[in-house]
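Heads up, the thing below is written out as structure tokens.
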Amino acid sequence: MKRIASFILALAATLVAPAQTTSPNAMPLAIDADFPGGNILVETIEGDTVHLKPELKGTAKPWFYWYFRVKGAAGRTLTFVFDKSVMGVRGPGVSLDAGRTWKWLGADAVKEGTFTYAFPAGANEVRFSVGMPYLRADFDRFLARHKDSPFLQVETLTKTPKGRDVIMVRIGEKGTKARFAVAATARHHCCEMMASYILEGLLEEALANNATGRGLREHAEFLFVPFMDTDGVENGDQGKGRPPHDHNRDYIDQPIYAEVRALKEKLPAWSEGRPLIFFDLHDPALKVDIHETVHFLEPESRDQAQRLDELTSLLERDQQGGIIYSKQTTMRFGTGYNRNTPGISSGWARSLPNTILGVTMETAYANAGGCEVNADSARDLGRDLAFALQEFLKAHPELAIKKLEGAQ
Amino acid sequence: MKNLRFLITAGTAVVCLWGAKARGDYIANFRAPPYVLDASVIGVDGWEYRFPSRANRPLAPYEARVVALRWDDEKPGLRLQGASLKRTSFGTLSSEKVQISFRLAVNFADAAPRRNKALRVIFWPETFGEIFFDDSMKGGLGYQGDGLGKPGQGTIVLPRAEIKTRSFYTFTLLLDFGKQTYDVAVTGVKKDGSPFAYKADGVEFSPSKAPVNKIETLLLLGTGYFDAFSVESR
Ligand SMILES: [Zn+2]
């Protein structure tokens, strides 16, 4: 009942927002989330103060994803009041170009979840979010930039219940079969958008016409699924903890989600027994403690843990991006929340006979050990990871040989 | 026509290098032999560990490596990571004035200041001292005469908060052994993208030291990027 009431209130606010405008001819103030990825509940608008909260959209436990736009506020200064638990450590992400590029408003602009924003005179539309939303349209822009690449193949993994294509990208040298298979997924938890920029950096480097790109493609073929909960991403869902279980608890005998069902078939078939490395990218929580670092979850198997240690040593050694990664942050198996969680994607990947490393990579939303996480620095982290991966593959031809022998 | 232009350009470059070498000057741009991409500079062109025992550390081969800079169009540069190295023998710099120039870039975490100097370029004798990145809250890019490396000392030319990370700053030091002074110039781009330039002329060599008339040793300590190093008689 309460939910319905707040929805009506939000609707009312959107349709009949108080006309606190600077001139009688100006557009009335409108706050909405009626666009891909949008998510907001407007509770009240009183004068220049707006009370808002994220819409849970079916997720049982409180979560922090929100993304809204404001129109008709050019030249005004408005205060937005959120609960502090849903505000990141560098304040909200702000976009003046309809969500294409983002900047953090900054920690100084926020107090206890409340921020005040002076809308520039010409800003007819400003978007705000808990993060820096990354949607299918962003990925399409990335693909458009690389549409002429001979190494890129864009396919459809499956269709979602809402009829959307679940995009899958393969990267490799034409006409050759690379020894290693490398796969990466993101957005099993659809709200975790910063991981998408890392994935984009990884793709960018795998496609690059430079030493790293060539080295990567010489050793590996790549498969990427950028939106493992495609409907959730576009709907602006929270996704994490989605009942009865979320996409990253669905790697069970009878998966309930189309994407998971399809990947469980596709990945083993595509890898063709080649030694497989699998990354699943996440942003597990908004802030505090380990959630303000970049960290990997150590696999239980000693061999895989050792390989992760080597890969992260290379990442630490060779990184050049704005996020300074330290491998000390690796969460050891059996500590924290790194346990044998049933149904998680990396656990399933590790269970495949040809997997040499299956790992979850966790990134922060806004702050990683003092470094600003943003679209650019997260992309650079992806590029750094690609570079380290290339070094790792180059150093381990024996892993490919061993797997081939094992297969025979 | 294009080829002709190339020959002229190449010819000019050869003449310039020849001229430079003739004066016993030193140039290291890390982009051509003897420097090799993805290889340590230790043992190359006069670079060595400051303390030979450091050679035994597992990560020693990686502390001073020529790498393709992914933030600078893959151009090669010297990456320093917890480095401690030195270079001696700068040839016969006979003139009274010597110009030293190089480029530095740093990469640091915004909210995690340390209390020391994260990157130091030290010249011995240390009277005209040291260029540094001081990674403390009140630090930044700077220089000082005595080369003692004490935090909070020296002249900060660009505060920490205004430094653009992974962007080269060009330092030029014009030493005047006759006057026992030096001119310092720094150029680059600030964090907000605006141009940055600093200049101080006639900075005195450290008065507590005996007069000097040559450069003996260069030390590179810490973490960052170093490039386009030259020592030139003027
Ligand atoms: Zn997640």
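The values are calculated or read from the model by the stated rules, or taken from the named source; none is laboratory data. Worth saying up front: this structure is predicted, and the values here are computed from it rather than measured. Neighbour counts run over all protein chains shown; Cβ positions are idealised from the backbone, glycine included.
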Seminar exercise, completed: Here the residues within segment A:290-317 that are acidic (Asp, Glu) and within 16 Å of the ligand (Cβ to nearest atom) are A:Glu292
Exercise. Of the conditions (1) at pLDDT 95 or above; (2) assigned to a loop (DSSP other than H, G, I, E, B), A:Glu155 fails just one. Which one is it?
Worked result: (2)
For this session: Would you mention how many residues in segment A:121-148 are in a loop (DSSP other than H, G, I, E, B), touching a strand residue (DSSP E or B) at 6+ places or on another chain (Cβ under 8 Å) and either of a type in the set (Asp, Glu) or surrounded by fewer than 21 Cβ atoms within 10 Å (Cβ to Cβ) (or both)?
Result: 2
Seminar exercise, completed: For segment A:160-184 the number of residues that are within 13 Å of A:Val225 (Cα to Cα) and away from the ligand (no atom under 16 Å from the Cβ) is 9
Exercise. How many residues does segment A:332-347 contain that are within 15 Å of the ligand (Cβ to nearest atom) and of a type in the set (Phe, Trp, Tyr)?
Worked result: 1
For this session: Considering each of A:Leu315, A:Leu297 in turn, give the residue that is within 13 Å of another protein chain (Cβ to nearest Cβ) and at pLDDT 95 or above.
Result: A:Leu315
For this session: Specify which of the listed residues (A:Ala186, A:Ala123, A:Ala137) is on the phi < 0 side of the Ramachandran plot, touching a Leu at 6+ places or on another chain (Cβ under 8 Å) and in contact (Cβ under 8 Å) with a residue 60 or more places away in the chain.
Result: A:Ala186
For this session: Could you tell me whether any residue of segment A:352-371 is out of contact with any strand residue (DSSP E or B) (no Cβ under 8 Å at 6 or more places or on another chain), within 16 Å of the ligand (Cβ to nearest atom) and away from chain B (no Cβ under 14 Å)?
Result: yes
Problem set entry | Flag if A:Arg187 is surrounded by fewer than 24 Cβ atoms within 10 Å (Cβ to Cβ), within 16 Å of the ligand (Cβ to nearest atom) and at pLDDT 95 or above | no
Exercise. Which residue out of A:Val373, A:Val359 is farther than 18 Å from A:Asp280 by Cα and surrounded by 18 or more Cβ atoms within 10 Å (Cβ to Cβ)?
Worked result: A:Val373
For this session: Would you check if there is a residue in segment A:333-341 being among the hydrophobic types (A, V, I, L, M, F, W, C) and either outside any helix (DSSP H, G or I) or under 23 Å from A:Met228 (Cβ atoms) (or both)?
Result: yes
Exercise. What do you reckon, is A:Gly47 over 20 Å from A:Asn374 (Cβ atoms) and in contact (Cβ under 8 Å) with a residue 60 or more places away in the chain?
Worked result: no
For this session: Check A:Gly215 against each of (1) away from the ligand (no atom under 16 Å from the Cβ); (2) more than 14 Å from chain B (Cβ to nearest Cβ) and name the one condition it does not meet.
Result: (2)
For this session: Test A:Leu263 against the stated conditions and say whether it is crowded, with 24+ Cβ neighbours inside 10 Å, part of a helix (DSSP H, G or I) and within 14 Å of chain B (Cβ to nearest Cβ).
Result: no
For this session: Hey, could you check segment B:23-62 for residues that are among the small types (Gly, Ala, Ser) and more than 14 Å from chain A (Cβ to nearest Cβ) and say which is surrounded by the most Cβ atoms within 10 Å (Cβ to Cβ)?
Result: B:Ala28
Exercise. What tally of residues in segment A:79-120 results from selecting those that are of a type in the set (A, V, I, L, M), in contact (Cβ under 8 Å) with a residue 40 or more places away in the chain and over 18 Å from A:Gly38 (Cα atoms)?
Worked result: 2
For this session: Name, by its number, the condition in (1) in contact (Cβ under 8 Å) with a residue 24 or more places away in the chain; (2) more than 16 Å from the ligand (Cβ to nearest atom) that does not hold for A:Asn209.
Result: (1)
Problem set entry | Residue check, A:Gly321 out of contact with any strand residue (DSSP E or B) (no Cβ under 9 Å at 6 or more places or on another chain) and more than 16 Å from the ligand (Cβ to nearest atom) | no
For this session: Please verify whether segment A:106-115 includes one or more residues that are touching a Leu at 6+ places or on another chain (Cβ under 6 Å), part of a loop (DSSP other than H, G, I, E, B) and farther than 22 Å from A:Leu199 by Cβ.
Result: no
For this session: Check whether at least one residue in segment A:335-349 is more than 27 Å from A:Gly213 (Cα to Cα), without any contact (Cβ under 8 Å) to a residue 40 or more places away in the chain and within 14 Å of chain B (Cβ to nearest Cβ), and report yes or no.
Result: no
Seminar exercise, completed: If you go through A:Ala285, A:Ala305, the only one that is more than 23 Å from A:Ala183 (Cβ to Cβ), away from every other protein chain (no Cβ under 14 Å) and either part of a loop (DSSP other than H, G, I, E, B) or at pLDDT 95 or above (or both) is A:Ala285
